[in-house]
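Some notes on the structure that comes next.
The values are calculated or read from the model by the stated rules, or taken from the named source; none is laboratory data. Fair warning: this is a prediction, and the values are worked out from it, not measured in the lab. A quick note on method: Cβ atoms are made from the backbone with ideal geometry, for glycine too, and the neighbour counts reach across all protein chains shown. These accessible areas exclude ligands, DNA and RNA; they are computed on the full protein's heavy atoms, side chains included. Shrake-Rupley method; radii C 1.70, N 1.55, O 1.52, S 1.80 Å.
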Amino acid sequence: MSATSSESFMHGQRLMLIFLVALCIVVACVLSTETTMPTQNMSNKERAELREEARDMFYHAYNAYMQNAYPADELMPLSCKGRYRGVTPSRGDMDDILGNFSMTLVDTLDTLVLLGDFTEFEHAVKLVIRDVQFDSDIIVSVFETNIRMVGGLLSAHILAEYLQKHADTMHWYKGELLEMSRELGYRLLPAFNTSTGIPHARVNLRLGMKDPMLKKSRETCTACAGTILLEFAALSRLTGDPIFEVRAHAAMDALWKLRHRGSDLMGTVLNVHSGDWVRRDSGVGAGIDSYYEYLFKSYVLLGDDKYLARFNRHYNAVMKYVSEGPMLLDVLMHRPHAKSKNFMDSLLAFWPGLQVLSGDLKPAVQTHEMLYQVMQMHTFIPEAFTVDFQIHWGQHPLRPEFIESTYFLYRATGDHHYLQVGKKALKTLQQYAKVSCGYAAVNDVRTGKHEDRMDSFVLSETIKYLFLLFSDPQDLIINVDEFVFTTEAHLLPLSIAQLGNATFSFRQTDEHNVLDFMRTCPSSNRLFPEKVRKPLRNFITGSCPRTTAGKRLSALDFQASNADHLRAVYDMGITMVSVGDRSQGKAKSHEEGEMGLQFMQEMLELTKMQSINQLAQLQAVAYATDENPQDWIALMAGPSHFSPELTGDQFVQGDVILAKPLRACDESLENAEEAKGKVLVAERGDCTFVSKARLAQKVGAAALIVCDNVPGSSGETQPMFAMSGDGKDDVLIPVVFMYSVEFGKLSAVMQRRKQPLRVRVMQMVEFKRWQLAKEQRQNQTASVAQKPDKEL
Ligand code: DMJ
């Protein structure tokens with residue numbers, strides 16, 4: 001959904017070829033027949049063991065939170081303590097999800113019921129009623145508070161009433177959770193007072209929109225505004241208070257009016273007052289994801305056809321413009337034939353699950369298969385990956401989307417492949433994310449380094465979907481098919497559409513279950529997904545059979561995102577070896593082997609050109625040494641998408657100074673005064689690049705250098721990337737990124753000197769030109785100086 005800040009690798013499709021070239025093998029002999037690996041069936045025993053392992057995972061994380069963090073919003077699994085808003089060092093905008101309202105516990109309540117742990121559920125509900133309050137002077141995200149808190153309270157209320165009726169327990173419960181969700185709903189309502197009816201992104205829990213910090217509030221994301229209706233409709237129908245549903249419908253209607261009338265696509269960021277689009281990128285991932293989800297699920301939950309009609313219009317547009325084979329690539333809503341990004345984000349992994357629900361199974365199987373290959377390639381699905389399936393942003397906060405889709409695909413097809421995929425995901429979490437105090441997010445899937453962060457969705461979604469995947473639906477306490485899962489995996493009963501009060505029906509033991517029937521053997525459902533996956537099996541490494549007829553593919557035309565090109569290259573005997581893959585390619589014939597050699601020669605040429613292009617985007621942090629003040633040295637740096645580009649002979653010069661605290665994530669700096677007019681250095685981590693930049697700008701710094709927090713990283717050994725922001729263009733100072741090795745050199749010089757070190761931030765290519773011009777001048781002077789002697 002609405003994760004916005006990202007890092008983007010500058011390497012275009014072709015740059016990846018530098019690595020491919022080094023690793024390709026041309027062998028002129030006939031390709032052996034393609035081998036297929038049938039999906040292994042999973043025994044009931046193994047499935048039950050995995051269900052129990054998922055249960056253990058839940059308790060490992062839940063107990064760690066309850067024992068070390070509660071009543072905090074989140075557990076910090078590395079420091080093994082709670083994360084409190086205003087107490088724990090700020091991570092900038094990211095902290096808008098925190099309201100000091102015990103978010104992880106509220107978000108987790110209904111999972112306890114699914115696990116059948118009524119005792120702990122009752123205990124937890126009592127704690128929430130006793131401890132959680134909302135009257136805080138804190139600005140929170142409307143979207144996150146709605147999906148995690150309102151949704152969590154509502155589904156817990158529904159399940160508490162269910163247990164009263166069916167498990168003869170919790171008789172003391174009198175709808176307190178519903179009252180709490182109504183109170184919280186009222187605290188979110190001021191955000192809806194806009195001329196369009198589209199809610200502001202953030203609201204102060206106590207002051208509403210009267211908080212001076214919200215005076216300039218204008219922009220929100222499509223998903224943020226369009227992921228309200230399920231919870232607000234349930235709130236209205238359960239409380240009998242119509243205001244919530246009215247406001248949420250109005251927001252959905254206003255959003256619908258903003259679609260592009262030609263393409264039927266939506267952008268990702270908009271102005272809540274004018275209704276103007278701020279970002280016109282259109283995809284299915286960050287910034288828009290759950291808007292589509294809520295259109296479809298609003299139809300399912302509320303039975304209102306208009307939402308199905310809207311969903312279908314958008315869906316057709318997405319499949320026409322955004323979907324490209326199994327990939328989903330952003331386009332511009334007003335120019336849908338132009339791709340606007342060359343990377344995909346991990347949030348789009350929810351899409352196959354939604355496709356399953358809407359009945360479009362084939363593309364769901366395909367996209368899921370592509371994502372599974374990305375996961376196998378990089379251990380986890382990175383936050384963003386390029387069309388070449390290289391890492392664009394290496395973070396992985398243990399998100400649920402891929403497992404969620406795996407669950408829905410399994411429920412729809414009964415194909416054991418999806419159990420095997422779930423097993424792989426579960427074991428990966430156990431091996432790489434489990435720490436003694438819970439599960440820690442992965443800071444970079446390349447290094448496996450952990451982050452001190454366990455988002456509430458790890459318990460409310462990631463582990464819940466794993467548990468559901470390995471559970472036989474018949475063994476669950478509730479019939480999950482009678483519920484809609486909200487975007488945060490909270491359960492809302494389908495019968496809510498008829499509700500004046502909570503009188504929906506729960507499972508009847510003898511009821512007919514359509515899905516169970518579909519899975520009885522023999523069923524074509526079992527064969528279908530395998531048939532769709534098979535041609536994609538090596539989608540990333542490219543080994544599908546194809547006819548040889550046709551024009552030779554030249555290196556210049558080659559696009560690594562094009563599946564046909566990948567196949568053609570493979571047929572020429574060139575194997576693209578990606579992380580962890582060491583298989584060799586064999587040319588289909590001698591003729592194609594020759595073509596492969598020719599292709600490789602062209603590729604080498606292109607690689608040379610690529611480094612020239614790359615140089616144009618590289619930034620430099622240059623300084624002169626004490627020993628030789630005329631001699632400037634330039635260290636390699638990466639640019640950012642959100643700050644002004646330094647072009648031509650532009651540069652910013654100033655003394656370098658380290659931010660205090662170094663991460664620069666707080667509201668201000670201890671050395672703010674000193675930082676004025678200087679080139680500030682802040683370390684990567686704890687908050688987004690752009691929030692560091694805003695702070696640097698606020699204190700009057702001339703430029704910002706963000707230095708990496710991964711020891712040993714270097715631009716010499718890994719691709720440079722450009723830092724991405726959040727779509728706003730309010731950063732006016734140059735911001736560059738330096739890997740650790742390069743920054744280490746700068747820092748060593750800083751430490752050696754008694755005086756502050758003066759640096760220039762500029763384009764690397766300009767630095768080189770400048771140096772060259774200087775050398776030429778020196779040479780000329782030298783030759784002029786030599787002339788008289790010679791003449792003598
Ligand atoms: C969750 O909070 C929800 O699933 C949301 O819609 C998307 N992002 C996170 C998990 O990644």
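Annotations
- Of all residues making up the stretch 424-439, the number that are away from the ligand (no atom under 16 Å from the Cβ) and surrounded by 20 or more Cβ atoms within 10 Å (Cβ to Cβ): 3
- Residue count, the stretch 301-327 (criterion: surrounded by 23 or more Cβ atoms within 10 Å (Cβ to Cβ) and within 16 Å of the chain's Cα centre (by Cα)): 0
- Residue match in the stretch 155-172 (condition: within 16 Å of the ligand (Cβ to nearest atom) and buried (at least 22 other Cβ atoms within 10 Å of the Cβ)): yes
- Residues being without any contact (Cβ under 8 Å) to a residue 40 or more places away in the chain and either acidic (Asp, Glu) or in contact with a Pro (Cβ under 8 Å, 6 or more places away or on another chain) (or both) - total across the stretch 180-209: 2
- The stretch 392-502 holds helices (runs of 4 or more DSSP H) entirely within its bounds, and those carrying 2 or more residues that are of a type in the set (Ser, Thr, Tyr) map to 401-413, 417-432.
- Applying the condition of being small (Gly, Ala, Ser) and within 21 Å of the chain's Cα centre (by Cα) to the stretch 341-365 and asking which residue is nearest to Phe296 (Cα to Cα) yields Gly353.
- Criterion violated by Gly285 - all others in (1) free of Cβ contacts under 8 Å to residues at least 12 places away in the same chain; (2) open to solvent by less than 10 Å² (accessible area, probe 1.4 Å) satisfied: (1)
- Verdict on Thr487 being within 15 Å of the ligand (Cβ to nearest atom), farther than 17 Å from Gln431 by Cα and surrounded by 17 or more Cβ atoms within 10 Å (Cβ to Cβ): yes
- Scope the stretch 698-714; condition within 18 Å of Met762 (Cα to Cα) and more than 24 Å from the chain's Cα centre (by Cα); matching residues: Ala701, Ala702, Ala703, Leu704, Ile705
- Residues of the stretch 69-116 classified as closer than 21 Å to Ser668 by Cα, open to solvent by 40 Å² or more (accessible area, probe 1.4 Å) and of a type outside the set (Gly, Ala, Ser), total: 6
- Scanning the stretch 218-243 for residues that are over 24 Å from the mean Cα position of the chain (by Cα) and part of a loop (DSSP other than H, G, I, E, B) yields Gly240, Asp241, Pro242.
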